[in-house]
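Take a look at the structure below.
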Amino acid sequence: TYGDLVTLLLCFFILLFSSCKYETMKFKSLAASFKPLPAGTPYMNEGKDSIVEQIAQQLEESELGDDTSINIEEKGVVVSFKASAYFKADSAKLNPKAIKEMTRFSKLIFLLPNKIQIEGHTEKTTSENWDSTWELAGARASKVARFFIENGLDPTKISVKSFGSTRPRFREASPTQRSLNNRVEVVILPE
C-alpha cells in the first residue's frame, strides 16, 4: 500500500544518509559562503573592468581624488597615490585625510580575492631623514601595507616593493611632473 511505500522510501534515504561521509570542514565552508555581506558592501562583479569602475568611482568621490589615478597595466590594476597628498614631507607618516581615504579604499580592496602588491616610488632627491630614496619609498609602501593589515586585510595577500627613484613616471620632468614620481602604487594582481 501507499503507507508501506513511503515507509520503505524513508528507510532507504535514512540508510543512504547514514552511509554518507560527512565532512565538517567542507560543510562549514559551504555554509559560510551563503552568509549575506555586511550592509553597505558594494557588489563585486568579476573582471578587471568592474574592479576599475568601482575603484574609479570611489576615487572620484574622495577628497583626494585629484591626487590619485587608476590604470590597467600588464601587471594588473594600478592605483597610484601621490605622495605629497598622502604623506607628510620627507616622511612615511600618513596625513589625517589620507587615513580617511585609505580606510574607504581598503573596504573595497578587502572584497577582492586578488593578491595586492604595494610599490613605493620617489624622485631623485637627497633627504636629511633617509639614507636613500629606496628607504623612503620602502617605508611609505610598508606603511600602507601595515595600514591595510591593521584594518583587517590578510597579510598573506600583500607584498611590498621599493623602487626608490629607479622607475619614475617622467624622466625629464617639470616640477609638477616630478611630484608625480613620488607615489605609492597599489597593484591589484590578476588571479
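If I model a spin label as a point 7 Å beyond the Cα along the Cα-Cβ vector, how far apart are those points for E61 and E74 in nm?
3.5 nm
Could you tell me which of the pairs K124/K157; K88/K115; K100/K143 are separated by over 26 angstrom between their Cα atoms in the structure shown?
Numbers: K124/K157 30 Å; K88/K115 28 Å; K100/K143 15 Å.
Check vs 26 Å cut-off fails for K124/K157; K88/K115.
Could you give the nm distance between label points at L8 and D90, where each point is 7 Å from its Cα heading toward the beta carbon?
Taking the two extended label points, one gets 9.1 nm.
Want the number for K100 to S174: 0.36 nm per residue separation, take away the alpha-carbon distance, what's left?
Values: separation 74, 0.36 × 74 = 26.64 nm, distance 3.00 nm.
Extending this stretch completely gives an extra 23.6 nm.
Laboratory data are not the source of any read-out in this text; all were calculated from the coordinates shown. Treat the numbers as computed from the prediction; the structure is a model and nothing was measured. Counting neighbours? That spans all protein chains shown, and the Cβs are built from the backbone with ideal geometry, glycine included.
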